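A.B. asks: First, the structure itself, so that you have it in front of you.
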Amino acid sequence: MAERKTTKAQEYIEVPYRNRVKGALAFFIPQLLVAVLIFIWSVTVYLLQDREDILVPIQLTLSVLILLMVPATIVGVIVCVVYFRRKEKVVLSGYDARSGDELAQVPEEVKGWNWAAAFLTPAWSIAYRVWFGFFAYIPLINYVWWIVMGIKGNEMAWKANRWASVEDFKKSQQKWAKWGLITFLANIASLLTYLTLIGLQGRA
């Protein structure tokens with residue numbers, strides 16, 4: 001294990017973490033809402049397939065909401081860019097010299113599975129400046145990239161940012177981990193619901 005080294009206090013100009021998180025949320029939330037609306041659409045089509053009087057207005061409403069997410073996504077991107085242009089002076093009273101360096105050896109304690117990097121890839125990647133996360137938007141690659149991010153996300157985030165200590169890094173990731181796990185469970189529940197509906201439709 002590499003020896004932990006801590007530098008003296010330093011001042012530097014960068015985009016603070018809170019701004020990166022706000023930008024990440026502005027970028028990610030409209031896309032999340034689109035996925036939720038499409039899922040609701042699929043469920044209502046099955047449940048109300050014999051009730052066109054109810055189904056049609058629901059589908060119309062969902063269609064309008066999905067279309068509204070297009071300008072919302074554009075606005076989200078703009079807001080994200082604005083937050084990333086808001087740099088401030090940051091004073092770090094000593095940090096682990098192994099962090100923030102692409103060539104440095106990553107401590108073993110940092111390595112491990114990252115739920116948020118795997119299942120909240122766009123938002124997490126923006127918040128921690130791990131731009132490799134955007135490979136998740138490339139067709140075909142996206143089918144396996146979430147696994148890559150889950151396995152290597154911690155190492156990428158460690159190298160892309162300065163951290164006061166390994167403990168500081170872990171504490172930061174724990175805040176995201178619960179939401180990543182919730183997203184994973186929501187994806188599983190959505191998949192099971194979809195497969196169940198397909199199975200029931202096949203029996204009908």
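A.B. asks: Alpha carbon centre of the stretch 43-110 versus the stretch 146-189: separation in Å?
C.D. replies: Each part's Cα centre sits 16 Å from the other's.
A.B. asks: Right, something else. Once label points are set 7 Å from the Cα along Cα→Cβ at both LEU65 and TRP131, what is their separation, rounded to one decimal in nm?
C.D. replies: 3.6 nm
A.B. asks: Please work out whether the stretch 127-199 counts as rounded, prolate or oblate from its C-alpha gyration tensor, where a ≥ b ≥ c are the square roots of the eigenvalues and a/c under 1.5 means rounded, while otherwise a/b larger than b/c means prolate and anything else oblate?
C.D. replies: It is oblate, given that a/c is not under 1.5 and a/b is not larger than b/c.
A.B. asks: Additional query: Set Lys and Arg Cβ to +1 and Asp and Glu Cβ to -1, take the dipole of the chain about its Cα centre, and tell me which of GLY199, LEU48, ALA164 lies farthest positive.
C.D. replies: Result: ALA164, furthest along the dipole toward the positive end.
A.B. asks: What are the ³J(HN,Hα) values, in whole Hz, obtained from phi via the Karplus relation 6.51 cos²θ - 1.76 cosθ + 1.60 with θ = phi - 60°, for each residue of the stretch 140-152 in sequence order, with x given for Gly and Pro?
C.D. replies: Going residue by residue, I get 6, 4, 4, 5, 10, 5, 4, 5, 4, 5, x, 7, 9 Hz, with x marking Gly and Pro.
A.B. asks: Pick out which of ALA157, ALA104, ALA24 has the largest mean-square fluctuation in a Gaussian network model of the chain, springs linking Cα atoms closer than 10 Å.
C.D. replies: Ranking ALA157, ALA104, ALA24 by mean-square fluctuation puts ALA104 first.
A.B. asks: Angle between the Cα long axis of helix 166-203 and the longest principal axis of the chain, 0 to 90 degrees, nearest 10?
C.D. replies: 20 degrees
A.B. asks: So, in the chain, how many Lys pairs have Cα atoms under 13 Å apart, if the pair is 8 or more places apart or on different chains?
C.D. replies: 4
A.B. asks: Roughly how many Å² is the accessible area per residue of the chain, as a whole number, for a 1.4 Å probe?
C.D. replies: Counting only protein heavy atoms, the per-residue value for the chain is 61 Å².
A.B. asks: Please list, ordered by chain and number, the residues whose modelled amide H lies under 5 Å from the amide H of ASP96; skip anything fewer than 5 residues away on the same chain.
C.D. replies: Correct list: TRP163, ALA164, SER165.
A.B. asks: Using a 1.4 Å probe on the protein heavy atoms only, what accessible surface does ARG51 show? Give it in Å² to the nearest 10.
C.D. replies: 110 Å²
A.B. asks: Around GLU14, which amide H atoms from residues at least 5 apart in sequence, or from another chain, sit under 5 Å from its own amide H, with H modelled in the peptide plane?
C.D. replies: So GLU14 has HN proximity to GLU88, VAL90.
A.B. asks: Within 13 Å, Cβ to Cβ, of ARG85, how many net charges do the neighbouring residues add up to if Lys/Arg are +1 and Asp/Glu are -1?
C.D. replies: +2
A.B. asks: From Cα pairs below 8 angstrom and at least 6 apart in sequence, can you work out the relative contact order of the stretch 1-151, rounded to a whole percent?
C.D. replies: 37 percent
A.B. asks: Output the relative contact order of the stretch 10-82, whole-number percent, from Cα pairs under 8 angstrom with separation of 6+ residues.
C.D. replies: 54 percent
A.B. asks: Please state the Cα pair-distance histogram of the chain with 10 angstrom bins from zero: what percent is in each bin?
C.D. replies: Distribution as computed: 8, 27, 30, 19, 10, 5, 1, 0 percent.
A.B. asks: Mind giving me the FRET efficiency for GLN174 and PHE39? R0 is 25 Å, r the Cβ-Cβ distance, nearest 0.05 is fine.
C.D. replies: Using R0 = 25 Å, I get an efficiency of 0.35.
A.B. asks: Mind giving me the nanometre distance, one decimal, between the label points for THR193 and GLU11, set 7 Å out from Cα along Cα→Cβ?
C.D. replies: 5.2 nm
A.B. asks: Follow-up question, since we're still on this one. Specify the angular offset, from 0 to 90 degrees and rounded to the nearest 10, of the alpha carbon long axis of helix 17-47 from the longest principal axis of the alpha carbons in the chain.
C.D. replies: Computed tilt is about 20 degrees.
A.B. asks: Using θ = phi - 60° and the Karplus relation 6.51 cos²θ - 1.76 cosθ + 1.60, list the HN-Hα couplings for the stretch 119-136 in order, rounded to whole Hz, with x at every Gly or Pro.
C.D. replies: Per-residue couplings from phi come out as 10, 10, 3, x, 5, 4, 5, 5, 4, 10, 6, 9, 6, 4, x, 6, 5, 5 Hz.
A.B. asks: With a 1.4 Å probe and every protein chain kept in, tell me what percent of the accessible surface of the chain is carbon plus sulfur.
C.D. replies: 67 percent
The values are calculated or read from the model by the stated rules, or taken from the named source; none is laboratory data. Because the structure is a prediction, the values reported are computed rather than measured. Heads up, the Cβs are rebuilt from the backbone with ideal geometry, glycines too, and the neighbour counts pull from every protein chain shown. For accessibility, only protein heavy atoms count, side chains too; no ligands or nucleic acids. Shrake-Rupley method; radii C 1.70, N 1.55, O 1.52, S 1.80 Å.
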